[in-house]
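In what follows, a single structure is set out as structure tokens and then discussed.
The values are calculated or read from the model by the stated rules, or taken from the named source; none is laboratory data. Keep in mind that this is a model prediction, so the values were computed, not measured. Neighbour counts are summed over all protein chains in view; Cβ atoms, including those assigned to glycine, are modelled from backbone coordinates with ideal geometry.
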Amino acid sequence: MRSSRGALLALVLAVVVAGGVVAWIALTGRPAPKPGCTVVMADGSSFDLTVEQARNAATIAAVGRRLGMPDHAVTVALATAIQESRLRNLPGGDRDSAGLFQQRPSQGWGDYEEVTDPVYAATAFYERLRDQPGWADLTVTQAAQLVQRSAFPEAYAQWETEAAAAAGALTGAKPGALTCANLSPGAPEANIAAVARAELGTATLSGPHPAAEGWAFATWLVANATRFGLDGVTFDGVTWTADSGAWTTTGPRDGVLSLHRAGAG
């Protein structure tokens, strides 16, 4: 009986979702827009990320900042994760590789549960990178190869432009360069304070912040909006909303960070 009810519920949900998609197409003549995020690059062009990819990129950047790594290290880490997993936390890969960086337990990266934990995986990557003499003076692909020991050592170079743009947005160097649209945030999926402490090293996500720090935190919040049930984030008088999917000026340049939870009124 329980399985029959579950099947019926799944069928009802499928019909509701399908009905909503059909209604949208009938109304607009276009497929319903998918939730996702966009990063604007230095030349004004942009590239898209899924919500999952943006969240993982935000974690990688946040961990780098928490560890005191420079922006170049964040670019190296993001280029590596784009090449290795397309910023997805993969359950498997070549031989025993797994996770964002396709780290191998058999090569001393940690056990399976650890390498598939994005915070652990990013921390392990940065720690190994930091241990490489002269890494900061190397190109992105050279630095990545020192850590990864890939059979395709030049492969990381192809993602340098995108990785640098994402790093700029997520470290706060390029304010407002990442935004997410077509989101429907609801109940939180995770405890924001606990996740912030693990990734950012602080749970102080409101009040005054220096410019780069405030933008780093604000962008991290936007990338995690669905995860935390947020429909608005403001920093320094500029606000992102889930409805608009964009950053707009809404107040004075006061250096204050605030967030708004979906359904909070």
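Within the set Arg128, Arg55, Arg65, Arg88, the sole residue that is charged (D, E, K, R), in a loop (DSSP other than H, G, I, E, B) and out of contact with any Cys (no Cβ under 8 Å at 6 or more places or on another chain) turns out to be Arg88. Being under 15 Å from the mean Cα position of the chain (by Cα) and either surrounded by 15 or more Cβ atoms within 10 Å (Cβ to Cβ) or not assigned by TED's automatic domain parsing to the domain that holds Asn56 (or both), is that true of even one residue in the stretch 202-210? The answer is no, given that none of the residues of the stretch 202-210 is under 15 Å from the mean Cα position of the chain (by Cα) and either surrounded by 15 or more Cβ atoms within 10 Å (Cβ to Cβ) or not assigned by TED's automatic domain parsing to the domain that holds Asn56 (or both).
Condition check ((1) touching a strand residue (DSSP E or B) at 6+ places or on another chain (Cβ under 6 Å); (2) of a type in the set (A, V, I, L, M)) across all residues:
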{"residue": "Tyr156", "(1), (2)": "no, no"}
{"residue": "Pro175", "(1), (2)": "no, no"}
{"residue": "Ala190", "(1), (2)": "no, yes"}
{"residue": "Phe228", "(1), (2)": "no, no"}
{"residue": "Thr249", "(1), (2)": "yes, no"}
{"residue": "Pro252", "(1), (2)": "no, no"}
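Tell me whether the stretch 149-169 contains one or more residues that are surrounded by 22 or more Cβ atoms within 10 Å (Cβ to Cβ), within 14 Å of Leu221 (Cβ to Cβ) and not acidic (Asp, Glu). Yes, because at least one residue in the stretch 149-169 is surrounded by 22 or more Cβ atoms within 10 Å (Cβ to Cβ), within 14 Å of Leu221 (Cβ to Cβ) and not acidic (Asp, Glu). For the stretch 77-115, a residue qualifies if it is of a type in the set (A, V, I, L, M) and under 23 Å from Arg197 (Cα atoms), and the qualifying residues are Ala77, Leu78, Ala81, Leu87, Leu100, Val115.
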